[in-house]
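Remarks on the structure that follows.
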Amino acid sequence: LGVVTAIPNSARAAEFRAELDRDEIAQDESVSMKLVVEADGTVPIETPEFNAPAFEEIQNYQGSFVQSYYDSASGKFGAKFTRSFTYVLRPKNVGKLSIDNIRIKIDGQPLTAGPLTVTVGGGGAGTPPPRGYGGAGVGLRGAAKKNRGTMLF
């Protein structure tokens, strides 16, 4: 998880954070980096930037949602706006690879997140599939299983 930064002394509070879906992968796998902006109220948000020379960007997409809340202390309703930018990255080589200089401008104010590190091992050394994945003749593990029963022509 990258360091969360906030706009200081702003009329509208905003936070920016960077996170990875996992920190260890195989060279033939990919990792998803999510950059998230949370702001009280709508604010102009520019497209984030980052340096990841050891990775190839294979896909990116964005999403947003609004969460309303009631502040019992002030007796007022409010809204928190969240916008996320997801980048799917494939490593170019093995080793400890860094993603750094993660930055964005929110309401004209520059915010940064700390560097992220991914440990990349040789092919096939990544996270194993979930328990039960492909069992009972389904998916890749079941592809070579013989079907039971009588064949009809």
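FYI, it's all coordinate maths here, none of it is from the lab. Just so it is clear, the structure is predicted and the values come from calculations on it, not from any experiment. Every residue, glycine as well, gets a Cβ built from its backbone with ideal geometry; the counts of neighbours run over all protein chains shown.
Structure summary
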quantity: Pairs of Cα atoms farther than 17 Å apart, segment 4-104, %; calculated: 58 percent
quantity: Computed E for T117/T47 - FRET, C-beta separation, R0 25 angstrom, nearest 0.05; calculated: 0.60
quantity: J(HN,Hα) series, segment 73-84, from Karplus relation 6.51 cos²θ - 1.76 cosθ + 1.60, nearest Hz, glycine and proline x; calculated: 5, 9, x, 10, 8, x, 9, 10, 9, 10, 10, 10
quantity: Contour excess over end-to-end distance, with Cα ends at S32 and N60 and 0.36 nm allotted per residue; calculated: 9.2 nm
quantity: Peptide ranges 58-65, 28-35 listed from the most packed, as the mean C-beta count within 10 angstrom indicates; calculated: 28-35, 58-65
